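Trainee: Structure in structure tokens, see below.
The values are calculated or read from the model by the stated rules, or taken from the named source; none is laboratory data. No experiment lies behind these values; they were computed from the predicted model shown. Please note: Cβ atoms are built from the backbone with ideal geometry, for glycine as well, and neighbour counts cover all protein chains shown. Accessible surface is based on the protein model in full, side chains and every heavy atom, while ligands, DNA and RNA are left aside. Shrake-Rupley method; radii C 1.70, N 1.55, O 1.52, S 1.80 Å.
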Amino acid sequence: RSFKMPPKPDAAAADAKYLFMKVTGGDPAPPSVLAPKLGPLGMSPKKVGDDIQAATKDWKGIKVIVKITIQNRQAGIDVVPTTAPLILKALGVCRDRKKVKEIVHDGNLTMDQVIDIARTMRASSQAREFSGTVKEVLGTCFSIGCSVNGKHPRDIQGMIDSGDVTVGDA
């Protein structure tokens, strides 16, 4: 009796693989971290690390999440926006992580910047209304340590709750 193997799947029809990594913007991702993830997929860790460095050069010194899409042994790098890096970018924080340690983010954002960040984050927000998304961003401002319009972020959250500040719609 003979056994016949099924045909191999088409290489062009291969589905994409996704990897998510947190990297420091502008720095190459270390190949030793990338190798176990990319080796089985037939990719060069050094080349993908250089691609990550090129894609994150606008985020220098800020830790961001990158989405690596691998299809047909080609890597596509996308920066996934999250609230804290967007706030740090709006504050203009750019640090060399090898030289500057324990940085204090005591800057000041405008309410317009907070609303722009909330519009960017609206799709991934858990809030029902846009004002809830703005309050999520204000909570992240509080945890980072920056102020908004010269006031404490908690005070502005209270003003949104009481109706003193309106944020409009996304």
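Trainee: Do we have ALA118 as at pLDDT below 80 and of a type in the set (A, V, I, L, M, F, W, C) here?
Mentor: No, not satisfied.
Trainee: Tell me whether region 122-144 contains one or more residues that are open to solvent by 50 Å² or more (accessible area, probe 1.4 Å), among the charged types (D, E, K, R), in contact with a Gly (Cβ under 9 Å, 6 or more places away or on another chain) and at pLDDT 80 or above. First the steps, then the outcome.
Mentor: Kept after step one, since they are open to solvent by 50 Å² or more (accessible area, probe 1.4 Å), are these residues of region 122-144: 122-124, 126, 128-129, 135-136, 142-143.
Going one step further and asking which of them are among the charged types (D, E, K, R), we end up with 122, 128-129, 135-136.
Narrowing the set further to residues that are in contact with a Gly (Cβ under 9 Å, 6 or more places away or on another chain) leaves none.
No, region 122-144 contains no residue that is open to solvent by 50 Å² or more (accessible area, probe 1.4 Å), among the charged types (D, E, K, R), in contact with a Gly (Cβ under 9 Å, 6 or more places away or on another chain) and at pLDDT 80 or above.
Trainee: OK, next. So which of THR56, THR83 ends up being among the hydroxyl-bearing types (Ser, Thr, Tyr), touching a helix residue (DSSP H, G or I) at 6+ places or on another chain (Cβ under 7 Å) and under 29 Å from GLN113 (Cα atoms)? Spell out how you get there, then give the answer.
Mentor: Numbers: THR56 fails: touching a helix residue (DSSP H, G or I) at 6+ places or on another chain (Cβ under 7 Å).
Unique residue meeting the criteria: THR83.
Trainee: Turning to a different aspect of this structure: Quick test for you: out of LYS135, LYS151, pick the one residue that is under 15 Å from ASN108 (Cβ atoms) and not polar (S, T, N, Q).
Mentor: Values: LYS135 fails: under 15 Å from ASN108 (Cβ atoms).
Being under 15 Å from ASN108 (Cβ atoms) and not polar (S, T, N, Q) holds for just one of LYS135, LYS151, which is LYS151.
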